[in-house]
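A short reminder: the numbers here are calculations on the coordinates, not readings from a lab. In this text, all values refer to a predicted model and were calculated from it rather than measured experimentally. Ideal geometry is used to build each Cβ from the backbone, glycine not excepted, and the neighbour counts take in all protein chains shown.
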């Protein structure tokens with residue numbers, strides 16, 4: 001089974017520029033998440049989609065960050081304009097959906113992609 | 001490869017020994033806990049989970065212990081191998097929300 005795919009793997013931009021990240025979840029997964037992981041910290045949820053609807057975007061800095069999942073499959077996360085403090089790894093994760101635990105697991109497990117490492121200069 | 005974290009607490013163990021990684025969680029209403037493993041340059045990988053109605057759960061070479069009284073979670077890895085070297089994160093969530101809150105992580109180094 002193919003995992004969560006993300007691109008690009010690395011991106012270097014200057015502050016005030018724009019950047020976009022792409023995520024393709026595991027086939028059949030209804031829920032998609034974007035996380036920000038600053039060096040030395042655990043991932044922090046930015047936004048959660050259920051199919052093509054937003055479930056939780058309470059921690060998304062909406063003045064500069066936007067995300068969409070128009071057809072309920074792939075998703076893009078955009079930053080415009082970028083700030084120095086946006087330097088981080090952006091992780092995409094997907095899961096089957098609420099109340100759908102895989103065999104041997106207690107709840108709807110999130111599977112993560114490799115991430116995109118963003119450096120803002 | 002890139003480093004997941006430069007200033008994380010580090011546990012160094014000899015290959016073949018058992019490892020115990022600890023985590024203190026913050027929300028007494030959390031009822032579901034997960035351990036993830038993150039290798040350099042990769043995303044977090046699910047290891048094992050446990051619900052709050054249990055205090056112990058075992059997997060292959062791994063055991064998770066939950067002490068709700070002191071809000072403490074631990075991950076035990078038996079016969080630690082070089083491939084176990086990574087950063088380990090605990091995460092918690094509550095029944096009303098599937099949102100995961102991650103801890104700050106512990107780096108495990110396995111000495112050959």
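For chain B, the convex hull drawn through the C-alpha positions has a volume of 99 cubic angstrom per residue. Note on chain A: GNM, Cα springs under 10 Å; of A:15, A:71, A:83, the largest mean-square fluctuation is that of A:71. Per residue, the convex hull around the alpha carbon atoms of region B:34-86 comes to 84 Å³. What the Cβ-Cβ distance of residue B:46 and residue A:66 gives, at R0 = 45 Å and to the nearest 0.05, is a FRET efficiency of 0.95. Highest mobility in the GNM of chain B, judged by mean-square fluctuation with C-alpha springs under 10 Å and restricted to B:40, B:19, B:93, is found for B:40. Only alpha carbons enter this Debye calculation for the protein assembly as shown, each as an equal point scatterer, and the log10 of I(q)/I(0) it gives at q = 0.07, 0.13 Å⁻¹ is -0.22, -0.78.
Just the Cα atoms of region A:1-43, one point each, no solvent: what log10 I(q)/I(0) does Debye give at q = 0.25 Å⁻¹? Listed by q, the Debye log ratios stand at -1.09. With contacts taken as Cα pairs under 8 Å and at least 6 residues apart, chain A reaches a relative contact order of 35 percent.
For chain A, a Kirkwood hydrodynamic radius built from all Cα pairs, placed in the Stokes-Einstein relation at 10 °C and 1.306 mPa s, yields a translational diffusion coefficient of 110 µm²/s.
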